[in-house]
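Asks: The structure is given below, and queries will be raised subsequently.
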Amino acid sequence: FYGYSKMLYYTLKRLALAALVALTVSFISFGLLYLSSDPAIAMAGETASDADIEAIRQLYGFDRPILVQYFDWLQRAAAGDLGKSYYFRTDVSALIGERLPTTMTLGVCAITFAILLSVPLGVAAAIRPNSFIDRIALFLSVMGQALPSFWFALMLIVFLSVSLRLLPTSGSDTWMHFVMPTVVLGYYAAPAIMRLTRTGMLEVLSTDYIRTARAKGLRPPVVLFKHALRNAIIPVVSLAAVQFGFMLGGSIVVETIFALHGAGFLAWESITRNDLPTVQGLILVFSLFYIVLTFFADLLNAWLDPRIRIK
């Protein structure tokens, strides 16, 4: 019972913190977007007269205090109403709901690819430090950090699409269209996960309880996966959640290059066209995804390591 109560208290504390962070992010993003430019001018266009701009400002309530506008927008956003797009002339909620599945599919595939690539390599590198496999893992890690995503994407298109004609260049109709975007986006996140896995495994494998487990005659796979990896993977869970959030919000370049009309591509379209309500809605949605992922990662870490619950 004591353990359940501690877990419940930890969950409620993290939930309150997540709600506070979401409220803060929504206010900051709303304020920055409104302070960066006059939305009435963005809607009216640069050639509009002062009378037209003032009419739009009064019609949409842009002349009200910013706090009043913020709470009005927040109240509507809580009900699922993110406003109407200036450019697409449709509800922002419907627009994001139409584009988001593509970005979610890309993000899930990319983080899965990153974990499947980095965790086994990190474990193998930790088991045999300074070996050939360790140097291969280090090389892949450095390459992943050094390669610009746009250059890597273009090289894949040149070799796999143009030269070898193995994969389609653009679009999102079949699973084959997601192969190259998955590799580009996932490979960028893999080095950090790989290094953290290797470092965690090296620390855990040198602890007393691992030496005790080996002295008791436990089989190496049991020692490695049941005792060592379970403790070393705890920071990796948090990092993977953060990387997944970054993938959802940072897929603009990849979606643009491969013509994946997801939420990332929608963000680029909205920014270039001064579509303020759509940009606000996307920032809110991406922020909420990031906060929710971090929240569940904290809960999973607390479940894996009960010591976290008492902090």
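Asks: So, with +1 on the Cβ of K and R and -1 on the Cβ of D and E, and no other charges, what is the size of the charge dipole of region 135-244 about its Cα centre, to the nearest 20 debye?
Replies: On the way: 10 positive and 3 negative charges, 121 e Å.
Roughly 580 debye, rounded to the nearest 20.
Asks: Let me ask something else about it. Determine the dipole magnitude for the chain: charges of +1 sit on the beta-carbon of Lys and Arg, -1 on that of Asp and Glu, nothing else is charged, the reference point is the Cα centre, and the result goes in debye to the nearest 20.
Replies: On the way: 24 positive and 19 negative charges, 443 e Å.
For this selection, approximately 2120 debye.
Asks: Once phi is turned into θ = phi - 60°, what whole-Hz ³J(HN,Hα) does the Karplus curve with 6.51, -1.76 and 1.60 give for every residue of region 107-112, x standing for Gly and Pro?
Replies: Result, rounded to whole Hz: x, 5, 5, 5, 5, 5.
Asks: Sort largest first and round to whole Å: the equivalent ellipsoid semi-axes of the chain, each the square root of five times a Cα gyration tensor eigenvalue. Don't skip to the answer; put the middle values down first.
Replies: Working: eigenvalues 374, 154, 38 Å².
Over the Cα atoms of the chain, the semi-axes work out to 43, 28, 14 Å.
Asks: May I pose another question? From zero outward in steps of 10 Å, how is the percent of C-alpha pairs of region 62-193 spread across the bins?
Replies: It works out to 11, 26, 24, 20, 13, 6, 0, in whole percents.
Asks: Considering only protein heavy atoms and a probe of 1.4 Å, how much of the accessible area of the chain is carbon and sulfur, as a whole percent? Each step should come with its number before you reach the end.
Replies: Values: 11590 of 17100 Å².
Carbon and sulfur atoms account for 68 percent of the accessible area of the chain.
Asks: Here's a follow-up. If you take the C-alpha gyration tensor of region 1-137, multiply each eigenvalue by 5 and take the square root, what semi-axes do you get, largest first, in whole Å?
Replies: On the way: eigenvalues 413, 120, 45 Å².
Working through the eigenvalues yields semi-axes of 45, 24, 15 Å.
Asks: Oh, and also: In whole Hz, with x marking every Gly and Pro, tabulate ³J(HN,Hα) for region 125-130 from phi via Karplus 6.51 cos²θ - 1.76 cosθ + 1.60, θ = phi - 60°.
Replies: Karplus-based 3J(HN,Hα) across region 125-130 equals 5, 6, 5, 10, x, 6 Hz.
Asks: Next up: Could you report region 99-222's accessible area per residue, 1.4 Å probe, as an integer in Å²?
Replies: On the way: 6880 Å² over 124 residues.
Result: 56 Å² of accessible area for each residue.
Asks: Would you mind putting 278-286, 234-242 in packing order, based on average other-beta-carbon counts within 10 Å, highest first? Intermediate values should be presented prior to the final figure.
Replies: Numbers: 278-286: 23.2, 234-242: 18.6.
Highest to lowest by the protection proxy: 278-286, 234-242.
Asks: Calculate one ³J(HN,Hα) per residue across region 54-67 by plugging θ = phi - 60° into the Karplus curve 6.51 cos²θ - 1.76 cosθ + 1.60, and present them in order as whole Hz with x for glycine and proline.
Replies: 3J(HN,Hα) across region 54-67, in whole Hz: 5, 5, 5, 4, 6, 5, 9, x, 6, 7, 7, x, 5, 5.
Asks: Still on this structure: If you only keep lysine pairs separated by 8 or more in sequence, or across chains, how many in the chain come under 26 Å at the Cα atoms? Write out the running numbers ahead of the final one.
Replies: Details: LYS6/LYS226; LYS6/LYS311; LYS13/LYS311; LYS216/LYS226; LYS226/LYS311.
Count of close lysine pairs: 5.
Asks: Under the rule of at least 5 residues apart or a separate chain, name every residue whose amide H is placed under 5 Å from the amide H of LYS84.
Replies: Amide H neighbours of LYS84: VAL92.
Asks: In percent, what relative contact order does the chain have, based on Cα pairs under 8 Å that are 6 or more apart in sequence?
Replies: Values: 335 pairs, mean separation 81.2, N = 311.
Averaging sequence separation for qualifying contacts and normalising by length gives 26 percent for the chain.
Asks: Let me ask something additional. So how do THR272, THR105 rank on accessible area, 1.4 Å probe, biggest first, that is with the largest at the start?
Replies: The ordering from most to least exposed comes out as THR272, THR105.
Asks: Oh, and also: Per the Cauchy relation, a quarter of the hull surface: what is the mean projected area of the convex hull of the alpha carbons in region 151-227, in nm²?
Replies: Working: hull surface 30.2 nm².
For region 151-227, the mean projected area of the Cα convex hull comes to 7.6 nm².
Asks: Which value, in nm² and rounded to one decimal, describes the direction-averaged projected area of the C-alpha convex hull of region 208-291?
Replies: Working: hull surface 31.2 nm².
One quarter of the hull surface, i.e. the mean projection, equals 7.8 nm².
Asks: Using Cα-Cα distances under 8 Å and only pairs 6 or more residues apart, what relative contact order does region 200-282 have, in percent? Mind showing how you got there, number by number?
Replies: Working: 44 pairs, mean separation 14.6, N = 83.
Over region 200-282, the number comes to 18 percent.
Asks: For region 121-274, what does the alpha-carbon gyration tensor say about shape, rounded, prolate or oblate, given a ≥ b ≥ c as the root eigenvalues, a/c under 1.5 as rounded, and a/b over b/c as prolate? Show your work: numbers first, answer last.
Replies: Values: a/c = 2.96, a/b = 2.20, b/c = 1.35.
Prolate, since a/c reaches 1.5 and a/b exceeds b/c.
The values are calculated or read from the model by the stated rules, or taken from the named source; none is laboratory data. What you are looking at is a predicted structure, and each value in this text was computed from that prediction instead of being measured. Neighbour counts run over all protein chains shown; Cβ positions are idealised from the backbone, glycine included. Please note that ligands, DNA and RNA were not included when accessible areas were found on the heavy atoms of the full protein model with its side chains. Shrake-Rupley method; radii C 1.70, N 1.55, O 1.52, S 1.80 Å.
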